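Read-outs throughout are calculated quantities, based only on the coordinates presented, and are distinct from any laboratory measurement. Here the structure is a predicted model, which means the values were calculated and not measured. Every residue, glycine as well, gets a Cβ built from its backbone with ideal geometry; the counts of neighbours run over all protein chains shown.
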């Protein structure tokens, strides 16, 4: 597994938009913030195109991603969520991504690209923040999110994850495995479609998230059932579920508890990552250890 060098002042951060329509107006504050942090920002050629109305064409978006992958100066590719990353998966130059390893940062719909690059290219990617979240780095932003960016991307991999708030332990236990996951619906698709295929003997420590603003508990339970029927589930040694909404949804906690008890794996719920206010960054492809009772996630180096 390849963990590329951390970021330094003067490095180039590439920006593309594989999942949604980007506009110069909405991206201007993010670009200014990153430049104020000391980075050079490189925009992909088709960033502001919108050929399909709700997104640019799959070819344009894939060309943008591949452009940044092949650019030797780009040290980090950052991109946001939406609904369109699945369109570009068949068009990504994974050979170039393997030959030119760098850091990738996204969340939500970015689950598709982050996990596929890890699985196909053996490169550690980073889940939890996206270009719009860069406003958190400004003086009036979320301090937790700013610290997450700096400790996960601007420094060597730390020894452990730092929580934003206390976890909800659901099924006790300790587990180890390769960390992967993201937005639940996307991750299930990736596994069932064959984009994410870890070796059969590789233990998986899974983190997933969703939000009640998108679906009710009935749909969430169905998504979890799809996960339980997907090929990777037999390799899952533990599950950490991210922010689902305020107040904490008791029905979701009960559903996650049943999942853990059925599969005999430790399970916890937290508000550290996902579509809430706290945007922790989790490294996909790193081996980790989760202790539910002690509410800890440590990285095994």
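Take every Cα pair under 8 Å whose residues are at least 6 apart in sequence, average their separation, divide by the length of the stretch 168-299, and the relative contact order is 39 percent. Please determine, in degrees from 0 to 90 and to the nearest 10, the orientation of helix 24-36 with respect to the longest principal axis defined by the Cα atoms of the chain, where the helix direction is its Cα long axis. The angle comes out near 90 degrees. When the Gaussian network model of the chain links Cα atoms closer than 10 Å, the mean-square fluctuations of 128, 14, 216 top out at 216.
Counting other beta carbons within 10 Å of each residue's own, what order do 15, 204, 31 fall into, fewest first? List each step's numbers first, then the result.
Numbers: 15 24, 204 21, 31 17.
Listing 15, 204, 31 from fewest to most nearby Cβ atoms yields 31, 204, 15.
With each label modelled as a point 7 angstrom along the Cα→C-beta vector, the residue 197-residue 98 pair spans 1.3 nm.
Please give the FRET efficiency for residue 57 paired with residue 155, using the beta carbon to beta carbon distance and R0 = 51 Å, rounded to the nearest 0.05. Walk me through the intermediate numbers first.
Working: r = 38 Å, r/R0 = 0.75.
Between residue 57 and residue 155 the formula returns 0.85.
For the residues 62, 222, 97, a GNM of the chain with alpha-carbon springs under 10 Å puts the largest fluctuation on 222. Relative contact order of the chain: what whole-number percent is it, with Cα pairs under 8 angstrom and at least 6 residues apart? Across the chain, relative contact order equals 20 percent. Compared with the dominant Cα axis of the chain, that is its longest principal axis, helix 143-153 is turned about 80°. Modelled spin-label separation between residue 163 and residue 24, with each label point placed 7 Å from Cα along the Cα-to-Cβ direction: 4.6 nm. Annotation: the antiparallel percentage among DSSP beta bridges lying fully within the stretch 168-299 is about 45. Please state the shape class of the stretch 232-301: rounded when a/c is under 1.5, otherwise prolate if a/b exceeds b/c and oblate if not, all from the C-alpha gyration tensor. Since a/c reaches 1.5 but b/c is at least a/b, the shape of the stretch 232-301 is classed as oblate.
Residue order for 212, 165, 301, fewest other beta carbons within 10 angstrom first, comes to 301, 165, 212.
Helix 217-228 and the longest principal axis of the C-alpha atoms of the chain enclose an angle of approximately 90°.
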